[in-house]
Every structure is written in C-alpha cells, then in structure tokens.
Ligand SMILES: [Zn+2]
C-alpha cells in the first residue's frame, strides 16, 4: 500500500541490484570454487529469508520507532478481525503504528511473526479506507506474500548463479520480479474486495489515490520499475475481476 513515486521505483530496483551484488560478493569472498560459491550464495539467500521471517517485524519496528496499537487502531483492527473471522479467516497478527503522515501500510513476517505496520496518516483517513488498507495487508499475510516473495527472490538468485546469466538477463529477471510483486498487490486487493466488497475496495483505492496525489496514472516506465501497480490499474483489475466473478 505504497504510493508510486519515480524515486521509490528507482530505489526498489537499486535495492534489488545491491542485494544481488552483496550476496555475490559475500559468496565469492567465502568460497573458492564456482560450485561452492553457488551453494554459499543460495545458503546466504535462504538465511536472509529466515531472517526476514523472524526478524523483519522487530527490525522494522525499531527502524520506524513504531508503537503498539493505540485505541483508534485497536478499534479498527478488532472490527476488521471480527469481520474477517466471520468469513472463516483466523490469523495471529500484530499491529504497529508508525508516526508518519503519508498514508501507508506494510505487512511483514510469517505465521506467528506476522505483523502489519500502519502510518498515522492512514489512520486519519475515513473508516472504510482504513478497513480496506488493513484488509489488503491481512490478505498479503494470509497468502504468505512476505515469505513467498523472498523465496521467489532466492530462486531467482540460485537460477542466476547456476546458469551464469549475463547482466542483461539479470536485469530482465529483476523486472520480472517487480512484475510478480505487482501481481501480489492485485491479489491482496482481490482478497480485500472479497471480504469488504468490490465497490468498497474501489472507493478506498480512489480515496487513497487522492490522498497520495496520484491524480493521473504515472508514466509507463515508472510503472514497470515499481513494486506497486498504479491505483488506476488496481481499480481496473478489480473491475475485470467483477466481470469474471459477478
Ligand atoms: Zn500491498
């Protein structure tokens, strides 16, 4: 649930490249033969995934100075959990609030470490929008996106090293990875729409787009480098879903 900004799109790609180069450099420093380097790199990536599952919530809470639930968030999450629980979904999720005025939310962890971070700016929005944003994050966690997407990254890394891909293929793989991330966003929107209704989901997406200043769809290249689809794309994806499953 992040707004698309050209800077953020470039940062996402830069972060992935730095991560790949960092794993490569560590594997080369730690092992001498190609086979051992591949194994070391893959083990390092697997370790990062395990760390992601276990420590990402703690690390993020520390980095963002997040606070546990306050009364407003407690009421919103209790309502939503009751609603989602009534639809047959039970999840152990911790919620944290981040002192940030831009509306945003983020989910990390897996199983018992599942955690949702919500900004104060998001909590200041109207109740249906808050409910949608929380439902979207719960849908990410229910689908296991935080851990699955990290595992997918590890698989990409292993393939890259095993097949000794040239840099252009690695860049294409990274663009593919970002496309998978965007699909995960659309899946989380569909999950939230199933719980709350398509109209409510679309209204919330419009409200978020307006609050985040996304008055028109961003340029195509920005979308291709983004971790999130534009709000316009997310709304039309929900429209198509409704046509398929009225
Ligand atoms: Zn999301």
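The values are calculated or read from the model by the stated rules, or taken from the named source; none is laboratory data. The structure presented is a predicted model; accordingly, all values stated were derived computationally and were not measured. Every residue, glycine as well, gets a Cβ built from its backbone with ideal geometry; the counts of neighbours run over all protein chains shown.
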Residue check: is residue 22 away from the ligand (no atom under 16 Å from the Cβ) and at pLDDT 80 or above?
yes
Does residue 132 fit the bill of being within 23 Å of residue 26 (Cβ to Cβ) and more than 12 Å from the chain's Cα centre (by Cα)?
no
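Would you confirm, using the coordinates I've provided, whether residue 172 is more than 15 Å from the ligand (Cβ to nearest atom) and closer than 21 Å to residue 23 by Cβ?
Working: more than 15 Å from the ligand (Cβ to nearest atom): yes; closer than 21 Å to residue 23 by Cβ: yes.
It is true that residue 172 is more than 15 Å from the ligand (Cβ to nearest atom) and closer than 21 Å to residue 23 by Cβ.
Quick check on this structure: which one of 115, 102, 64 is modelled with pLDDT of 85 or more, touching a strand residue (DSSP E or B) at 6+ places or on another chain (Cβ under 9 Å) and over 24 Å from residue 214 (Cα atoms)? Even if it seems obvious, please write down each step before you answer.
On the way: 102 fails: over 24 Å from residue 214 (Cα atoms); 64 fails: modelled with pLDDT of 85 or more.
On inspection, the qualifying residue turns out to be 115.
Say whether the condition of being touching a strand residue (DSSP E or B) at 6+ places or on another chain (Cβ under 7 Å) and surrounded by 14 or more Cβ atoms within 10 Å (Cβ to Cβ) is met by at least one residue in region 143-166.
Narrowing region 143-166 to residues touching a strand residue (DSSP E or B) at 6+ places or on another chain (Cβ under 7 Å): 146.
Checking which are surrounded by 14 or more Cβ atoms within 10 Å (Cβ to Cβ) leaves us with 146.
Yes, the conditions are met somewhere in region 143-166.
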Quick one: which of 192, 232 is part of a helix (DSSP H, G or I), more than 15 Å from the ligand (Cβ to nearest atom) and at pLDDT 80 or above?
232
Residue among 45, 28 that alone is more than 30 Å from residue 221 (Cβ to Cβ), in a helix (DSSP H, G or I) and either out of contact with any strand residue (DSSP E or B) (no Cβ under 6 Å at 6 or more places or on another chain) or modelled with pLDDT of 75 or more (or both)
28
Would you please list the contacts, defined by Cβ atoms under 8 Å and residues six or more apart or on different chains, that run from a residue in region 197-218 that is more than 14 Å from residue 233 (Cα to Cα) to a residue that is in a loop (DSSP other than H, G, I, E, B)?
207/125; 207/126; 211/103; 211/125; 212/3; 212/102; 212/103; 213/3
Hey, could you check region 181-196 for residues that are under 15 Å from residue 147 (Cα atoms) and in contact with a helix residue (DSSP H, G or I) (Cβ under 6 Å, 6 or more places away or on another chain) and say which is surrounded by the fewest Cβ atoms within 10 Å (Cβ to Cβ)?
184
How many residues are assigned to a helix (DSSP H, G or I), more than 13 Å from residue 207 (Cβ to Cβ) and away from the ligand (no atom under 15 Å from the Cβ) if we restrict to region 98-149?
5
Please work out which residue is surrounded by the most Cβ atoms within 10 Å (Cβ to Cβ), limiting yourself to region 237-246 and to residues that are closer than 27 Å to residue 103 by Cα and modelled with pLDDT under 90.
241
